[in-house]
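I have placed the structure first, in the form of structure tokens, so that the comments after it can refer back to it.
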Amino acid sequence: MANRLEGTVALITGASSGIGEATARALAAEGAKVALAARRLERLERLAAEIGGEGHTALAIGADIAEPEQAVEVVGRTVTELGRLDILVNNAGQMLLGPIEGAPTEEWDRMIDLNLKALALTTHAALPHLLAAAEDSERRCADVVNISSVAGRVARAGSGVYNLTKHGVGAFSESFRQEFANRRLRTIVIEPGAVATELTDHIRDEVREQVRARFADIQTLEAEDVADAIAYAVTRPWHVAVNELLIRPTEQRG
């Protein structure tokens, strides 16, 4: 069934590549107007033009949502320019792996600021608009989608602070779910395993190849596989809440 999100607006953070980009395309294909937020404005503008060329509406917003005021501004621009907010996809994040001993702690700051604080602040800023959408939309609900990871379930050596942030996403999401379930604001946690994205590009050189070697012999997920799951979750009838989805490559063992 096409256009199941007609009349809605979705904000996707980290939309310049990978899961965020694929999700923007998937939700636009379902009829949503999409706001695209990330630091790389040029990429966002190209993506918005492509989505627009397919007959959909997309708004590019260059911002670093690790800066609290910019997280709030992204939400404000979305509502001001697109008219409402029905779906928030908190996808922006970094995976800076490596041993705790000797780690450059600025990497920890970056992950905590983006993976946790930005997610919470963006959600807080979006909350009144999402609750209004749950009240007045034909869908009779609104959605917050938080992108976590297998690392939000399974702790591994060499992933200490990344594990900390992704376990935190799960805890925040469950508390949020309990607070707002009776107001038809659904909470969805997506936990991907290994995905072919740019995420590993930002890991320190001495750690990156070790991480990539773990998955060298398996067929990893594509970003579109995760986007399909997100589109599935947010297009369920209002009374169906897909609260958690763990998605791993078939051959991934851990």
Being β-branched (Val, Ile, Thr) and farther than 30 Å from residue 107 by Cα is the filter; apply it to segment 63-85 and report the residue that is surrounded by the fewest Cβ atoms within 10 Å (Cβ to Cβ). 80
Residue list for segment 136-183, restricted to those being among the small types (Gly, Ala, Ser) and not in a loop (DSSP other than H, G, I, E, B): 142, 151, 152, 160, 168, 170, 171, 173, 175, 181
Exactly one of 128, 99 is surrounded by fewer than 18 Cβ atoms within 10 Å (Cβ to Cβ), more than 14 Å from the chain's Cα centre (by Cα) and touching a residue at least 24 places away in the same chain (Cβ under 8 Å), and that one is 99
Out of all the residues in segment 180-193, is one or more crowded, with 18+ Cβ neighbours inside 10 Å and of a type in the set (Asp, Glu)? yes
Is at least one residue of segment 180-194 within 23 Å of residue 66 (Cα to Cα) and of a type in the set (Phe, Trp, Tyr)? no
Among (1) assigned to a loop (DSSP other than H, G, I, E, B); (2) modelled with pLDDT under 95; (3) open to solvent by less than 50 Å² (accessible area, probe 1.4 Å), residue 216 falls short only on (3)
Give the residue that is most open to solvent (accessible area, probe 1.4 Å), with candidates limited to residues of segment 1-30 that are within 20 Å of residue 77 (Cα to Cα) and among the small types (Gly, Ala, Ser). 7
Taking residue 200 and the conditions (1) hydroxyl-bearing (Ser, Thr, Tyr); (2) at pLDDT 95 or above; (3) farther than 26 Å from residue 141 by Cβ; (4) open to solvent by 10 Å² or more (accessible area, probe 1.4 Å), which numbered condition does it fall short on, given that it satisfies the others? (2)
Conditions (1) within 22 Å of residue 228 (Cα to Cα); (2) in contact (Cβ under 8 Å) with a residue 60 or more places away in the chain; (3) surrounded by 14 or more Cβ atoms within 10 Å (Cβ to Cβ) -> residue 160 fails only (1)
Residue hits (segment 223-254; surrounded by 13 or more Cβ atoms within 10 Å (Cβ to Cβ) and over 21 Å from residue 34 (Cα atoms)) are 241, 242, 243, 244, 245, 246, 247, 248, 249, 252
Within segment 33-43, track down each residue that is touching a helix residue (DSSP H, G or I) at 6+ places or on another chain (Cβ under 9 Å) and more than 21 Å from residue 4 (Cβ to Cβ). 37, 38, 43
Selection from segment 34-62 of residues that are under 23 Å from residue 127 (Cβ atoms) and surrounded by fewer than 24 Cβ atoms within 10 Å (Cβ to Cβ): 59, 61
Checking residue 175 against (1) touching a Leu at 6+ places or on another chain (Cβ under 9 Å); (2) without any contact (Cβ under 8 Å) to a residue 24 or more places away in the chain, the condition it does not meet: (1)
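The values are calculated or read from the model by the stated rules, or taken from the named source; none is laboratory data. These numbers were taken from a predicted model, which means no experiment stands behind them. Glycine gets a Cβ as well: all are built from the backbone with ideal geometry, and neighbour counts include every protein chain shown. The area values use the complete protein model at the heavy-atom level, side chains included, leaving out ligands, DNA and RNA. Shrake-Rupley method; radii C 1.70, N 1.55, O 1.52, S 1.80 Å.
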